[in-house]
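The values are calculated or read from the model by the stated rules, or taken from the named source; none is laboratory data. Since we're looking at a predicted model, the values are computed, not measured. Don't worry about glycine lacking a Cβ; one is built from the backbone with ideal geometry, like all the others, and counts go over all protein chains shown. Heads up: the accessible areas ignore ligands, DNA and RNA and are worked out on the full protein's heavy atoms, side chains in. Shrake-Rupley method; radii C 1.70, N 1.55, O 1.52, S 1.80 Å.
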Amino acid sequence: MRLSINKEIKSEIVHYYDSRSKDMIASTGNHFKITLNKEEFNVKVPNKSILINFRILRRLLRLDKSNAFFNYSKTGVVIIYSSRIYFFDLNTKHLKFINQLKQCRCVLHNSISVTQDGIYFGEYGRNTSRQGVPIWSSHDDGKSFSIIHEVPQGKIKHIHGIYDDPYSSSLWITTGDKTGECFLIEAIDHNFKDLKWYGDGSQSWRTVSIFFTEDKIIWIMDSPNILPTLQIFDRELKTISSGQSFDAPVWYIKRLDAGGALIQTSIEPGKAVTTNNSKIFYSNNFLDWTEVHRFKKDILPKILFKFGVISFSDGYQDLNSFIISGEALKGLDGTSFECSIN
């Protein structure tokens, strides 16, 4: 199997793409382009710095980082940029400032749970003092956000993602980063009053993204210092077993419609990172992964100018049409591609 690049999409991030309707949310810096039902909207969130006009400076200052997603009813788009939450009403075409994050400028890609019951995400910041980590929620479909829960001080560094379980009503929270801070947390009720913590805090439980099946939860470690390995959580036994290993951490995944899935590896500092290539893998069972493409890390320093990372877009996509975005990679920095797999 191999990946083919069908066309370039000149946006730093494609947050959402539906390969059937062509609905899309894409961004470059603080400019967001939204397509819904063949109507286009252009949104610019506030940023007064002239430095935002240059890709290399956006990359250095992290002015390209953001989250943008449709609310559940697709009547608006929630945007998180430079620590500020906005709501863009697609009917009135009005952008409204909603609230201010406490510890971070934005969260990881596709780490936000959008459900009929509510919208949920946890903060992903440096948190060097290990303060309590806020979890935000909206119960009016994105028009307002407030902190619904705070993970206690000293328990974790930050939250990697919150994901709704298609086989139960639970939300699952992934955390990191250091040993003693990595857990899988199940929020049985969406008020976060009944939380079940799984794991021993070790790097085996360190992950960004997770796959759900009826009897298992599957992830690949995003640890750069211990061999990143696929982990299989048995829902009934509450135990994990190991599978395939990789030469770099896995951050992002994409479950394709009509079957199959994608993962990527990220190039960052760490003794377990034994390659200079960010790779894309495909699987039809979440357990056995085959490399289909790779992009080499560019020459700019990782700490200043970002790690080599590929991300995927939310929305309906299949093997014939899916989107990747990338940063700090040769041929894939600050741009996106529509791809297919043969």
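Per residue, the chain reaches -500 deg cm²/dmol at 222 nm when only DSSP H runs of four or more residues are counted, each adding -39500 (n - 2.57). Couplings for segment 266-272, taken from phi via the Karplus curve 6.51 cos²θ - 1.76 cosθ + 1.60 with θ = phi - 60°, read 10, 9, 9, x, x, 5, 8 Hz in order; Gly and Pro are left as x.
With a cut-off of 11 Å between beta carbons, the residues surrounding S321 carry a summed charge of -1, where Lys and Arg count +1 and Asp and Glu -1. Taken about its Cα centre, the chain carries a charge dipole of about 1480 debye when Lys and Arg each add +1 at the Cβ and Asp and Glu each add -1 at the Cβ. Segment Y316..N42, full-extension length gain: 96.4 nm, with 0.36 nm per residue of separation and the alpha-carbon distance subtracted. This model, with +1 at the C-beta of Lys and Arg and -1 at the C-beta of Asp and Glu, gives segment 251-342 a dipole about its Cα centre of some 420 debye.
Here are some pairs, K155/K279; K65/K96; K178/K302; which of them have Cα atoms lying more than 24 Å apart in this structure? Over 24 Å apart, Cα to Cα: K155/K279. Each peptide in 156-162, 228-234 was scored by the mean count of other Cβ atoms within 10 Å over its residues; highest first, the order is 156-162, 228-234. Amide H contacts of D314: Y16, Y17, each under 5 Å away and 5 or more positions distant or on a separate chain (H built 1.01 Å from N in the peptide plane; Pro and chain starts excluded). Is the C-alpha gyration tensor of the chain telling us rounded, prolate or oblate? Criteria: a/c under 1.5 is rounded; beyond that, a/b larger than b/c is prolate, otherwise oblate. Since a/c stays below 1.5, the shape of the chain is classed as rounded.
Residues in segment 175-295 average 39 Å² of solvent-accessible surface per residue, probe 1.4 Å, ligands and nucleic acids excluded.
Between H31 and D165, the simple label model (points 7 Å from Cα in the Cβ direction) yields a spacing of 4.4 nm. Think of the chain as a dipole: +1 on every Lys or Arg Cβ, -1 on every Asp or Glu Cβ, centred on the Cα centre; then among W219, S4, I185, S4 lies furthest on the positive end.
Enter the Cα centre distance for the pair segment 1-71 and segment 121-176, rounded to the nearest angstrom. Here the two parts' Cα centres lie 24 Å apart.
The stretch between L227 and D288 holds 20.3 nm of extra length on full extension. This uses 0.36 nm per residue minus the Cα-Cα distance. Counting only protein heavy atoms and a 1.4 Å probe, segment 15-114 has 47 square angstrom of accessible area per residue. Using the structure shown, list the pairs from K74/K254; K74/K238; K44/K254; K38/K216; K33/K196 with a Cα-Cα distance above 31 Å, or answer none. Violating the 31 Å Cα-Cα cut-off are K74/K238; K38/K216; K33/K196. Please label the shape of segment 182-317 as rounded, prolate or oblate, based on the square roots a ≥ b ≥ c of the eigenvalues of the alpha-carbon gyration tensor (a/c under 1.5 means rounded; beyond that, a/b larger than b/c means prolate, else oblate). The shape class here is prolate.
Ligands, DNA and RNA left out, the accessible area of segment 219-314 computed with a 1.4 Å probe is 54% carbon and sulfur. Shown is the FRET efficiency for K74 and I5, computed with R0 = 45 Å from the Cβ-Cβ distance and rounded to the nearest 0.05: 0.95.
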